[in-house]
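Read the structure below first, then the notes.
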Amino acid sequence: MSNNIDYQIPAPAEAINTDLEVRSLDTMCVNESQLKHPWWYNLKYSVVGAFFGLAFVKAEIVSWYRIQEMFRLESFHMYGVIGTAVVIGAISVFLIKKLRIKSIYGEEILFHPKKFNKGQIFGGLLFGLGWAMTGACPGPLFAQIGTGALAISVTLLSAIAGTWVYGYFREKLPH
Amino acid sequence: MELLSQPWPWWAAGIIIGLTVPALLVLGNKHFGISANLRHVCAACLPANIKFFQYDWKKEIWNFFFVGGILFGAVAATLWFQNPDAVQIHPQLAADLNEHGITKIEGLVPEDLFSWKSLFTLRGFILMVLGGFLVGFGTRYAGGCTSGHAIMGLSDLQVPSLIATISFMVGGFLMANLILPFILSL
């Protein structure tokens, strides 16, 4: 019999993962799912996106005219769309929290509280200006291109450039 | 089929968009938000040593699949469920646009303002390029867009999202009512 003491091999000092920290800066889209899946598992998100895109176009949410009517208080349409979506979304989130509904892979569904910063006001105002100019938020930009308005790809590229410039000046901007 | 081709009522679209929130959460713990894609493109293509873009964008690849779906849905709507009737817009909006020579009220965006030809006019350039820039800069500065803040954030009863949404609306009202008439007159 060996009388060697079983050493508990210390785990290597875990590399400090700053990745989540960086990704969660000013973004709502953070998930830390530990699951590793083949790429085609992502196609289910494309299916959700397709229904979403269909609704976007068919209800004319991506219409420049509807956005103008919204901001000119000439139509209830967009208020109805966003209002209904928030009510349905809020009921869903409430039920998910209340019933502790898990994802289809059995993971707990997590929510991340947002912290207030002045960016939500300054950035929000700037985005609002752009929204009324282009008649599109980021999602509708993709949908407008899909309807054949290919020139909108210039607007999309410009939006990507805007995001990049924000990233470049981020430290200097008031938050 | 004909029912699908008519413009859908607000409540139908609202229900589908609202259901996107639990669908993404239940399918994979994903939080609905589209503008983050613009950031992931920057991180993937031109991170340029900027800390804001130094992260593993591949972890967010599902979102590219999601917008790919949006693109496909829009193509499907146009190819197979095209509305055969003329676009209806508020008469006052039509009159105001007409005053600025925007007479072709078709499709989802006025061709007189958003087209390759218009890109090389001053007002077209301002609307398409500067407008797009403000969308990208503003959404990231605000930490989300209509989907991330107004839909997902409000659904989760987040006060910062309410503040952001109100700011979006204030900016939009200012532009549509006070600044846009000037841009259109250029």
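The values are calculated or read from the model by the stated rules, or taken from the named source; none is laboratory data. The structure displayed is predicted, hence computed values, not measured ones. Backbone-built Cβ (ideal geometry, glycine too); neighbour counts: all protein chains shown.
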Quiz item: Since residue B:58 meets every condition but one in (1) of a type in the set (Lys, Arg); (2) at the interface with another protein chain (Cβ under 8 Å from one of its Cβ atoms); (3) surrounded by fewer than 19 Cβ atoms within 10 Å (Cβ to Cβ); (4) under 22 Å from residue A:142 (Cα atoms), which condition does it not meet?
Solution: (2)
Quiz item: Do any residues in segment B:1-22 that are modelled with pLDDT under 85 have Cβ atoms under 9 Å from those of residues that are polar (S, T, N, Q) and surrounded by 15 or more Cβ atoms within 10 Å (Cβ to Cβ), where the two are at least six apart or on different chains, and which pairs are they?
Solution: B:5/B:83
Practice problem: Return a yes/no flag: does segment A:44-58 have any residue that is more than 19 Å from the chain's Cα centre (by Cα), under 19 Å from residue B:18 (Cβ atoms) and either at pLDDT 95 or above or surrounded by fewer than 24 Cβ atoms within 10 Å (Cβ to Cβ) (or both). | Solution: no
Quiz item: Filtering segment A:130-175 down to residues that are aromatic (Phe, Trp, Tyr) and more than 23 Å from residue B:72 (Cβ to Cβ), which residue is farthest from the other protein chains (Cβ to nearest Cβ)?
Solution: A:169
Quiz item: Say we look at segment B:117-129 and pick out the residues that are more than 17 Å from residue A:62 (Cβ to Cβ) and within 7 Å of chain A (Cβ to nearest Cβ); which of these is surrounded by the fewest Cβ atoms within 10 Å (Cβ to Cβ)?
Solution: B:119
Quiz item: In segment B:5-15, what residues are surrounded by fewer than 23 Cβ atoms within 10 Å (Cβ to Cβ) and within 7 Å of chain A (Cβ to nearest Cβ)?
Solution: B:7, B:11, B:12, B:15
Quiz item: Scanning segment A:105-121 for residues that are in contact with a helix residue (DSSP H, G or I) (Cβ under 6 Å, 6 or more places away or on another chain) and of a type outside the set (S, T, N, Q), which turns out surrounded by the fewest Cβ atoms within 10 Å (Cβ to Cβ)?
Solution: A:116
Quiz item: In segment B:23-55, how many are without any contact (Cβ under 8 Å) to a residue 24 or more places away in the chain and either more than 7 Å from every other protein chain (Cβ to nearest Cβ) or closer than 22 Å to residue A:141 by Cβ (or both)?
Solution: 12
